Amino acid sequence: MDAIVNWLSGLSGIVVYVVVAALVFAEDALFVGFVIPGETAVVLGGVLAGQDRLSVWWLALVAVLAAVSGDSVGYAIGRRIGSGLLDTRPLRSRRERVERAREMVRRWGPQAVFLGRFVAFLRALIPTLAGAARMEYRRFLLFNMLGGVLWGVGYTLLGYFAGTAYRQVESAVGGVAAAVVAAAVVIALVVWRVRAHRKAAGRSPRS
């Protein structure tokens, strides 16, 4: 985590925006989220914004636009290729989870697009499944935008306040204590994300 933050902090502001946008977009459109969740990039960008290295508002806008456009591309890919995409190598080993996601789309329709935005695996998969299921695009876009705005702004602010807290602690008690606080924040975020993922997986309809 520290290596990624240090790498991002060494880039110019405009490049960081581009990197965050590319990771968020690629996660939704190209399944890159199976490797690097887009929320991680947004949170780390928010941390840099909390340290006055980026504009938190521009970062939030970039995250939202990348999320919405990435989902739209994923939808278009699913609509064009259909269910044949599910036979690709990255998905064959996740067949059970894919089937649960398909059932989620069948049962909940566009609401699944909104809910799936907050779980990494579903965020990368549901837009494509929605396209393959021929969901009406206007309905898809509405719930895509609602989820994208809440997700993009929420994770940006999460990282921003974490970065601000780090800076305040560092100025008050020194870098070592600040590093301990930062580590505690990261651990808390990881634990929260794992619990949220397990809860979402437990609630997903089984095939």
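If the condition is being open to solvent by 10 Å² or more (accessible area, probe 1.4 Å) and farther than 13 Å from TRP151 by Cβ, then the range 63-74 contributes SER69, SER72, VAL73.
Among residues of the range 147-166 that are touching a residue at least 24 places away in the same chain (Cβ under 8 Å), those with a beta-carbon under 8 Å from a residue that is surrounded by 21 or more Cβ atoms within 10 Å (Cβ to Cβ) and not in a helix (DSSP H, G or I) at least six positions away or on a different chain give the pairs GLY147/ARG117; GLY148/ARG117; LEU150/ARG117; TRP151/ARG117. Taking the criterion of being among the hydroxyl-bearing types (Ser, Thr, Tyr) and modelled with pLDDT of 90 or more, the only residue of the range 34-62 that qualifies is SER55.
Taken over the range 41-60, the criterion of being open to solvent by 40 Å² or more (accessible area, probe 1.4 Å), assigned to a helix (DSSP H, G or I) and touching a helix residue (DSSP H, G or I) at 6+ places or on another chain (Cβ under 8 Å) is satisfied by TRP58 alone.
Name the residues in the range 105-120 that are touching a Lys or Arg at 6+ places or on another chain (Cβ under 8 Å) and open to solvent by less than 10 Å² (accessible area, probe 1.4 Å), would you? PRO110, GLY116, ARG117, listed by residue number. When THR128 is tested against (1) open to solvent by 20 Å² or more (accessible area, probe 1.4 Å); (2) modelled with pLDDT under 90; (3) in contact with a helix residue (DSSP H, G or I) (Cβ under 8 Å, 6 or more places away or on another chain), only condition (1) is not met. The number of residues in the range 1-33 being surrounded by 15 or more Cβ atoms within 10 Å (Cβ to Cβ), within 22 Å of ASN144 (Cα to Cα) and either touching a Pro at 6+ places or on another chain (Cβ under 6 Å) or at pLDDT 75 or above (or both) comes to 13. For beta carbons closer than 8 Å, sequence separation of 6+ or different chains, a first residue in the range 63-76 that is under 15 Å from THR128 (Cβ atoms) and without any contact (Cβ under 8 Å) to a residue 60 or more places away in the chain and a second that is aliphatic (A, V, I, L, M) and surrounded by 24 or more Cβ atoms within 10 Å (Cβ to Cβ), the qualifying pairs are GLY70/VAL24; GLY74/ALA124. Of all residues in the range 131-151, which are part of a helix (DSSP H, G or I), hydrophobic (A, V, I, L, M, F, W, C), crowded, with 20+ Cβ neighbours inside 10 Å and at pLDDT 90 or above? Residues satisfying the conditions are PHE140, PHE143, TRP151.
The values are calculated or read from the model by the stated rules, or taken from the named source; none is laboratory data. Model, not experiment: these values are computed from the prediction. Here Cβ is always computed from backbone atoms with ideal geometry, including for glycine, and neighbour counts include all displayed protein chains. Accessible surface is based on the protein model in full, side chains and every heavy atom, while ligands, DNA and RNA are left aside. Shrake-Rupley method; radii C 1.70, N 1.55, O 1.52, S 1.80 Å.
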